[in-house]
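See below for the structure under consideration.
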Amino acid sequence: MKAIVYRTDNPDLRLVDRAKPAPARGEALVRVAMSGVNPTDWKARRSPYAGTPGGVDLVPNQDGAGTIEAVGAGVSADRVGERVWLWETARQRTGGTAQEFVAVPEKNAVRLPDLVGFELGASVAIPAITAHRCLTVHEGGPDQLRPGALAGRTVLVAGGAGAVGHAAIELARWSGARVVTTVSSPDKAFLARAAGADAVVNYRAGDAVSAVRDAAPNGIDVIVEVAPAENAALDTAVLAPNGTVVAYAGGPDTAVTLSVRDLMGRNIRWQFVLVYTLPDDVKSHAIAGVSAALADGALRAGEEFGLPLHYFPLEDTSAAHDAVEKGAVGKVLVTVSSEE
């Protein structure tokens, strides 16, 4: 089979031929149709995470979608032929989704609803699991999102045209919240509205604080934050009492300056989220919530739904990583096979 590989001491991606893996006990062998690329995929090549195997070829990309072709001992044979979406495929493992076949623990291959295409299946895992956690971690928040779970809440999504921002808008709206989002351009404003945001604020076109306050006069209950250092002042100004800021991004040198007295007086909470180190029960709740949203048609992909898709063939996976590193708007996908 064909696979894209790199090594911890050489981040360059190369196309190789290698033997098709066999599923071990508790694993499913998936024929990969689409591989999704996230920022952590290219970052992992440059600075491997703790626990990443060394001295061997590593296949990148955590997310993907495809069809179960075989199963190992302990996995029901009824799963053969099942269409699935994949999450954390390369987490402390050698095999990500940038290859024609991948063997994964059974729980990491989640059934894909019949009417959901592989392109959407490969787009949801890291972005939607992250968004799910951001929307549920606040005080009194639900363990799992479902229709009505966020009724009465007002959510601010910073960067509503990004992959996580897009998922956050859709999941919040599906769960009954009112959604305000900030963007940096008219084109991104179009995408955020297409995703379903109730109010869109271009923070480069006037007073963003006043615009958010106008959209949410009673304040924001939950902020899904992509740029905590840059937006700390805005977040502080628009939060309702007992509100929560949930930050899911930021470089290693990011520093956030907060007015402790003000935030303490309003019982404001700051929470930081990294999907890979979430507790297992939290991930289980997120998988269930994301699966339910997929089945309900609440998560969508395509420019008309606010998430442009950019396709690259397997041999151009390096270009796909470059596109994500350079800030491609939407979701970058690697087409591994043409099956559907």
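Residues that are farther than 20 Å from Lys107 by Cβ, in contact with a strand residue (DSSP E or B) (Cβ under 9 Å, 6 or more places away or on another chain) and either open to solvent by 10 Å² or more (accessible area, probe 1.4 Å) or not in a strand (DSSP E or B) (or both): does the stretch 21-30 have at least one? No, the stretch 21-30 has no match at all. Remark: pairs (first residue in the stretch 64-87, over 16 Å from Pro113 (Cα atoms) and open to solvent by less than 20 Å² (accessible area, probe 1.4 Å); second residue assigned to a strand (DSSP E or B) and among the aromatic types (Phe, Trp, Tyr); Cβ separation under 8 Å; 6+ apart in sequence or on different chains) are absent. Residues in the stretch 88-99 that are in contact (Cβ under 8 Å) with a residue 40 or more places away in the chain, outside any strand (DSSP E or B) and open to solvent by less than 30 Å² (accessible area, probe 1.4 Å): Glu88, Ala90, Gly95, Gly96, Thr97, Ala98.
I want to confirm something. Restricting to the stretch 225-238 and keeping residues that are open to solvent by less than 20 Å² (accessible area, probe 1.4 Å) and of a type in the set (D, E, K, R), which single residue is farthest from Ser184 (Cα to Cα)? If we take residues in the stretch 225-238 being open to solvent by less than 20 Å² (accessible area, probe 1.4 Å) and of a type in the set (D, E, K, R), then Asp235 is farthest from Ser184 (Cα to Cα). Within the option set Pro252, Pro241, being surrounded by fewer than 19 Cβ atoms within 10 Å (Cβ to Cβ), over 23 Å from Gly121 (Cβ atoms) and in contact with a Lys or Arg (Cβ under 8 Å, 6 or more places away or on another chain) holds for one residue only, Pro241. If you go through the stretch 39-55 one residue at a time, do you hit one that is in a strand (DSSP E or B), in contact with a strand residue (DSSP E or B) (Cβ under 9 Å, 6 or more places away or on another chain) and not basic (Lys, Arg)? No, there is no match, as no residue in the stretch 39-55 is in a strand (DSSP E or B), in contact with a strand residue (DSSP E or B) (Cβ under 9 Å, 6 or more places away or on another chain) and not basic (Lys, Arg). The residues of the stretch 67-87 that are of a type outside the set (D, E, K, R), over 18 Å from the mean Cα position of the chain (by Cα) and in a strand (DSSP E or B), listed by number, are Thr67, Ile68, Ala70, Val71.
Looking at the stretch 305-337, which of its residues are in a strand (DSSP E or B) and either at pLDDT below 95 or hydroxyl-bearing (Ser, Thr, Tyr) (or both)?
Within the stretch 305-337, Tyr311, Thr335 meet the criteria.
When Thr8 is tested against (1) at pLDDT 95 or above; (2) touching a Gly at 6+ places or on another chain (Cβ under 6 Å); (3) more than 20 Å from Trp85 (Cα to Cα), exactly one condition is not met: (1).
Name the residue, out of Glu304, Glu325, Glu315, that is out of contact with any Pro (no Cβ under 6 Å at 6 or more places or on another chain), more than 30 Å from Val16 (Cβ to Cβ) and open to solvent by 50 Å² or more (accessible area, probe 1.4 Å).
Glu304
The values are calculated or read from the model by the stated rules, or taken from the named source; none is laboratory data. Quick caveat: nothing in here was measured; it's all calculated off a predicted structure. Using ideal geometry, Cβ is built from the backbone for each residue, glycine included, and neighbour counts are taken over all protein chains shown. All accessible areas refer to the heavy atoms of the entire protein, side chains included, with ligands and DNA or RNA removed. Shrake-Rupley method; radii C 1.70, N 1.55, O 1.52, S 1.80 Å.
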